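Right, one structure below, let's go through it.
The values are calculated or read from the model by the stated rules, or taken from the named source; none is laboratory data. If you're wondering where the values come from, they're calculated on a predicted model, not measured in any experiment. Here the Cβ positions follow ideal geometry from the backbone for every residue, glycine too, while neighbour counts run over all protein chains shown.
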Amino acid sequence: MPLRRLYILKLRLTFPTSIATAYTIRSLHVGTHAAAIARKKTWALVISFAISILWRVASEYAPGIMWDWHWSWWFYRAGWKWIICAESWGWVWEWTPAFIGCGLLVPMNSSVSFAGGALLAWAIIGPALVATGKAFGESYSSQYPGYIDYSNMVLSDPVHRPSPEYWMIWPGCLLLLTSSVAEIAANYKMIITAFAVLLEPVMRRLHLGKERVEKEDGFYDPVPEDQQTPWWMWVGGLVASTILTMCVMKYQYGQNPGITLLSIIFAFIFSLVGAECIGRVSVNPVTTLGNFSQLIFGGISKGSGLSPTKNELNNGLMGMITLAAAEQCSDMLCDLKTTHLLSASPRVQLYAQCFGALISIFLSTAMYVVFSKAYPCINTLSSSSCAFAVPDVKSWRAVSIAVSDSSLPVPLSSGIVALVLGGLVLVCAYVKYRYVPAEKHHWFPNWNAVGIAFVLGPSNTYPVAMLFGSIIAFVWRRRLPNAWFVYGYAVAAGMIAGEGLGGIVDAVLEIAKVSGSVYGTSVGCPMNEYCG
């Protein structure tokens, strides 16, 4: 809550998603034709939502026809044997409403970078690794010798016989790390200003007194005093949550309270970084921030003489504290930005956020139970045919092992490529901020998106679908700007929410044993095996 004055009132960060939300809400309630526009947006949202749910559920019964188009497999069966390599490297078209909808919303730069990263990783570097014997795959079947599995996360000998997916984790992680560090370094003056403004009220109260503070307050807060959040409310919540976290970490996992307190301090620092990122470019690299924390506390745990297994648990838990803090901080600031633009009450927003967070504790756990029961493969990294790729889990596991093992389990070639790409990111950032005007910055790659494509694995359906959505949005905005203003965000929101709810319905059907895996068809799927 105190960061509201810093990031929203003083620094006036844009928070693109929050602005879009605020203008969408406002457009439903103001203007001469507000009622008519509201009806159009509502119908667009409802229709896209309903179609997405029905499409997601129905496609489970014919995934090779309605969901994934394994086009290279079809050509392979028709006699084009060489083209099976595209299937092996994950170049499959997927009719996913959620990621096409995401493409409608994100900037073209992000989608192109995401797809470009997939092309670099899984069409250039990956095949080169296999051709030179630096990485290895496993044949799916002796009947189809050219059809190779490159996504199996096998760690029996990760240094000398890595899978391409394991090999790619390290360049991907370093891309995420260096891109965030480069952005922070390039905007170091703003970061220093942020800390200075944050500490300024405290220093004023210590030296000048309350009356002097009110007189010299350098920026205007339009919210009345009775609608603002009193200091005791957020301080009390901070103290209570800190004590609760320390107790849980101590009695549930045996973690030293001092280490937990230190992780909370680092979580606060990394939360500022996440807030800067979400406020400027609408991307919060929470996984990368968590990996930073893992590296720090993995070194601390290793120095304390803990066993590798205990070290892995500790640095994973400390990373999760950082990730959760950065995520919650960014979400709260996004909501407060929307509240600010709509002239609503920050105190009421805090109540709503607390209520939502309380509900999410039980809801998120229930969703995990449902999905892990329906799809047990999400808890098995060696599975290559799971409906969910969980790339963040693979990244976290790799970092946990790396910082806990006595020797670094990173293939030499992977480390070299990671350093080269990391250096390229730093050079690009220097050129971008030193010599290129701000209005031309969108011509530079979004290296976070590139890194995500590396970590995602040879499953290129998502970057291709997002690029497809961004192209649709680009043409739509150019040709029919008024229609985009009325329908664009509503259609995208309906597509994203619809697929999400459809996935929950699919999980329930899977548990009830009436899903596509039981009654569906494998027509169009590789090796004539169900691919839903």
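Only one entry in 494, 488, 469 is in contact with a helix residue (DSSP H, G or I) (Cβ under 9 Å, 6 or more places away or on another chain), under 30 Å from residue 531 (Cα atoms), in the same structural domain as residue 56 (by the TED database) and at pLDDT below 90, namely 494.
If you go through region 68-88 and keep only what is touching a strand residue (DSSP E or B) at 6+ places or on another chain (Cβ under 9 Å), in a helix (DSSP H, G or I) and under 21 Å from residue 530 (Cβ atoms), you end up with 71, 73, 76, 84, 87, 88.
Among the residues examined, residue 126 does not qualify as buried (at least 17 other Cβ atoms within 10 Å of the Cβ), modelled with pLDDT under 90 and over 30 Å from residue 504 (Cβ atoms).
Screening region 89-144 for helices (runs of 4 or more DSSP H) wholly inside it with 2 or more residues that are of a type in the set (Val, Ile, Thr) returns no ranges. Taking residue 475, is it more than 18 Å from residue 52 (Cα to Cα), outside the structural domain of residue 420 (by the TED database) and in contact (Cβ under 8 Å) with a residue 60 or more places away in the chain? Judged against the criteria, residue 475 is not a match. For beta carbons closer than 7 Å, sequence separation of 6+ or different chains, a first residue in region 145-161 that is closer than 28 Å to residue 77 by Cα and a second that is of a type in the set (Lys, Arg) and at pLDDT 85 or above, the qualifying pairs are 146/81. Cβ-Cβ distances below 6 Å connect no pair with a first residue in region 255-279 that is modelled with pLDDT of 85 or more and surrounded by fewer than 22 Cβ atoms within 10 Å (Cβ to Cβ), a second residue that is hydroxyl-bearing (Ser, Thr, Tyr) and not in a helix (DSSP H, G or I), and a separation of six or more residues or different chains.
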